[in-house]
1. Would segment 140-185 count as rounded, prolate or oblate if I go by the C-alpha gyration tensor, calling it rounded below 1.5 in a/c and otherwise prolate when a/b exceeds b/c, oblate otherwise?
2. If you build a Gaussian network model of the chain, linking Cα atoms that sit under 10 Å apart, which residue out of 68, 164, 32 swings the most?
3. Once you order the gyration tensor axes a ≥ b ≥ c over the Cα atoms, which shape class does the chain get: rounded for a/c under 1.5, otherwise prolate or oblate by comparing a/b with b/c?
4. Return the whole-Å distance between the Cα centroid of segment 39-78 and the Cα centroid of segment 94-160.
5. Can you tell me how much longer the chain between residue 66 and residue 6 gets when fully stretched, taken as 0.36 nm per residue apart minus their C-alpha distance, in nm with one decimal?
6. Mean residue ellipticity at 222 nm from the helices of the chain, using -39,500 (n - 2.57) per DSSP H segment of n ≥ 4 over the full residue count, to the nearest 500 deg cm²/dmol?
7. So for each of 40-47, 169-176, 70-77 I average, over its residues, the number of other beta carbons within 10 Å; can you give me the resulting order with the highest mean first?
8. Answer rounded, prolate or oblate for segment 1-87, using the Cα gyration tensor with square roots of eigenvalues a ≥ b ≥ c: rounded when a/c is under 1.5, else prolate when a/b is larger than b/c, else oblate.
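Read-outs: derived from the displayed coordinates by stated rules, not from any lab. Model, not experiment: these values are computed from the prediction. Cβ placement follows ideal geometry from the backbone for every residue including glycine, while neighbour counts extend to all protein chains displayed.
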């Protein structure tokens, strides 16, 4: 029986959180890190907190790009981060959509955010304690994803964040924290860690 301790992790949305939102990214040259994103991820790396990317990529279902491109884009993103002494520990993506495209991608799945499938898969693979983990994203579905998995949800104001923030008055999903960007979100998380 494994005695590996369960660790907290930080789950990051991709588009609009780590890199600029371009609406169905389909070319590597469209990948542009936010200025402070790599430094923020490096802070988590230095604390040995797992950093895991979780992203909906329904462009696969819609025929805008392939799963191979999604993997290629993540390899490219990792190289950009490594140039700045940062890295992502694992990548999870959902290629499905409930109404668009054709089978097998046109399906109601358990991995499309805000469903918690990607977090549950990551937790099983990496021995993670979701109740002590965080989800950071620029949409309320990222916050909801965190809540559905028992984690804390942080909304950033990059990407669609400011637009999503305006929806809060009519939303049942209230973030644990709203931050200007990924850097501020990571600093807040690290403050929480020093309190425990």
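1. oblate
2. 68
3. Rounded is the answer for the chain, as its axis ratio a/c remains below 1.5.
4. First find each Cα centre; the distance between them is then 13 Å.
5. My answer for the length gained is 18.2 nm.
6. Theoretical 222 nm ellipticity from helices: -10000 deg cm²/dmol.
7. Answer by packing, highest mean first, reads 40-47, 70-77, 169-176.
8. It is oblate, given that a/c is not under 1.5 and a/b is not larger than b/c.
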